[in-house]
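One structure below.
Please treat every number below as a calculation from the coordinates, not as lab data. Only a predicted model underlies this, so the values are computations on that prediction, with no experimental measurement involved. So basically every Cβ, Gly included, is an ideal-geometry build from the backbone, and we count neighbours across all protein chains shown.
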Amino acid sequence: MFISFEGIDGSGKSTQARLLAARLEAEGHAVVLTREPGGSPGAEEIRRLVLEGDPDRWSAETEILLFTAARRDHLERTIQPALAEGKIVLCDRFADSTRMYQGISRGDLRGTVDALHSLMIGREPDLTVLIDMDPAKGLSRAKARQTAEERFEDFGLELQQKMRAGFLELAAEFAPRFAVIDGDATPDTVAEQVFAAVKARLP
Ligand code: TYD
């Protein structure tokens, strides 16, 4: 089973992915916890190119190519081998992030994102957990982390609001694949809801 986690910056999805991995492992499942951009040595190198530096370092089109290149490598080297071994793959962000961040945020490039996705990736997660979150709270959490990877957080609150709405639209568009979880609760409460959504779909 291939499960992705999506949400705006600071939504707590990375924490939730970790909590779910621990819980599934405790239940005896073999789990691979991974992330995008990154998740394989080559894709981690691309991660540095896209997440560090000036917000205008790349055009939106170039970004789509870079994120898709990273995803292709991640899929080939990490995700597909793990799925073939019968493991549960938990991925912190996947193609829905590109549909959102590159497809919607800086002009309407969703068609370009989808075309490249079907050409080079061609697969969706079995389940996407969307941690829905008030953008003001998400942003203050993200800022508090103070890492070098600030390019996207630098876009600010207005973009985060657009993102939240955009993720909810994606959840409606791909409804059977999505579980939308309210992230504005304690981490334990959110974790319970995430686990329930996964449990309901495990074969
Ligand atoms: P990350 O460290 O995963 O932050 P977060 O914990 O908030 O998810 O940083 C990933 C950043 O990259 C995030 O701002 C979203 C952005 N991103 C894209 O713009 N497109 C993509 O396809 C992916 C996977 C991420």
Within segment 24-77, GluC sites (Glu not before Pro) in DSSP loop having at most 16 other beta-carbon neighbours inside 10 Å: E27, E52
Under the Karplus curve 6.51 cos²θ - 1.76 cosθ + 1.60, θ = phi - 60°, whole-Hz ³J(HN,Hα) for segment 45-55, x wherever Gly or Pro sits: 5, 5, 3, 4, 5, 8, 9, 10, x, 5, x
Helix-only mean residue ellipticity at 222 nm for the chain, each DSSP H run of n ≥ 4 adding -39500 (n - 2.57), per residue, nearest 500: -16000 deg cm²/dmol
For the chain, average projected area of the Cα convex hull in nm²: 10.5
Gaussian network model of the chain, springs between alpha carbon atoms under 10 Å - residue of G138, G28, G103 with greatest fluctuation: G28
Highest-fluctuation residue, T186, T34, T112 considered, GNM on the chain with Cα pairs under 10 Å: T186
Other-chain or far-sequence residues with amide H under 5 Å of F178's (modelled H): T128
nm² value of the averaged projected area, convex hull over the Cα atoms of segment 1-108: 6.8
Restricting segment 93-127 to trypsin sites (Lys or Arg not before Pro) in coil, as DSSP defines it, with at most 16 other Cβ within 10 Å: R106, R123
Table column - 3J(HN,Hα) (Hz), segment 174-184, Karplus curve with 6.51, -1.76, 1.60, x for Gly and Pro: 10, 3, x, 7, 9, 10, 9, 10, 6, x, 8
Under-5 Å amide H pairs with G39, H placed in peptide plane, nonlocal only: E44
Where Cα atoms sit under 25 Å apart: lysine pairs in segment 2-201 separated by 8 or more or lying on different chains: 8
Amide proton proximity set for T34, modelled H, under 5 Å, gap of 5+: L90, C91, D92
Derived scalar couplings ³J(HN,Hα) [segment 133-138; Karplus, 6.51 cos²θ - 1.76 cosθ + 1.60; whole Hz; x for Gly, Pro]: 8, 4, x, 4, 5, x
